[in-house]
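Colleague: I have a structure I would like to understand better, so I am pasting it below and will then ask my questions one at a time.
The values are calculated or read from the model by the stated rules, or taken from the named source; none is laboratory data. All values derive from a computational prediction rather than experimental measurement. Every residue, glycine among them, receives a Cβ derived from its backbone with ideal geometry; neighbour counts consider all protein chains shown.
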Amino acid sequence: MNRTFDRWASIVFVLVGIFFIVASKSLSTTAYGSGVGPDVFPFGLGILLVLLSIRLFYETFRYQANEQEKVTLDWKRFLIVIVAVLFYASSLEWLGYILSTFIFLVITFQTMERGKWISTILVSGFFSGGVYYLYVNVLKGVLPSFPLF
């Protein structure tokens, strides 16, 4: 934990969150065939980002002054997650939300912590299926469901 970095990061994230809130107001409020418009999630995520950033800024005042450890960066894991994010973004429409989200979560969970395949598969499956069900059936939104091939 670096106090200076966390303070500046929290300020930047507050600005990004405010940008999301303001920019979401320029999106249409509803999409054809959907009860949830494209403005809902960016607005909600902007509010969440602002609140969490304020919390981070507050927490920086509680850091211990003598906690200066040398942190080594794990570039291999970072690059694996970046490639997984790029794959996820590019395959979302082609593979569908459920399958691409499931693959993305399995890759990232296994990157962060090797092993525990059963819990990884169960959490990934329940999350991707559960979010799809909630968004499409409960909120009446539209997501690409299954592969187009």
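Colleague: Could you please find all residues in region 24-53 being modelled with pLDDT of 85 or more and among the small types (G, A, S)?
Modeller: Correct list: G44, G46, S53.
Colleague: Show the residue pairs meeting these rules: Cβ distance below 7 Å; 6+ apart or different chains; first residue within region 72-90 and under 14 Å from I107 (Cα atoms) and hydroxyl-bearing (S, T, Y); second residue surrounded by 11 or more Cβ atoms within 10 Å (Cβ to Cβ) and at pLDDT 90 or above.
Modeller: Close Cβ pairs satisfying both conditions: Y88/S100; Y88/F104.
Colleague: Also: Conditions first: (1) on the phi < 0 side of the Ramachandran plot; (2) at pLDDT below 90. K140 passes all but one, so which condition is the exception?
Modeller: It fails just one condition, (1).
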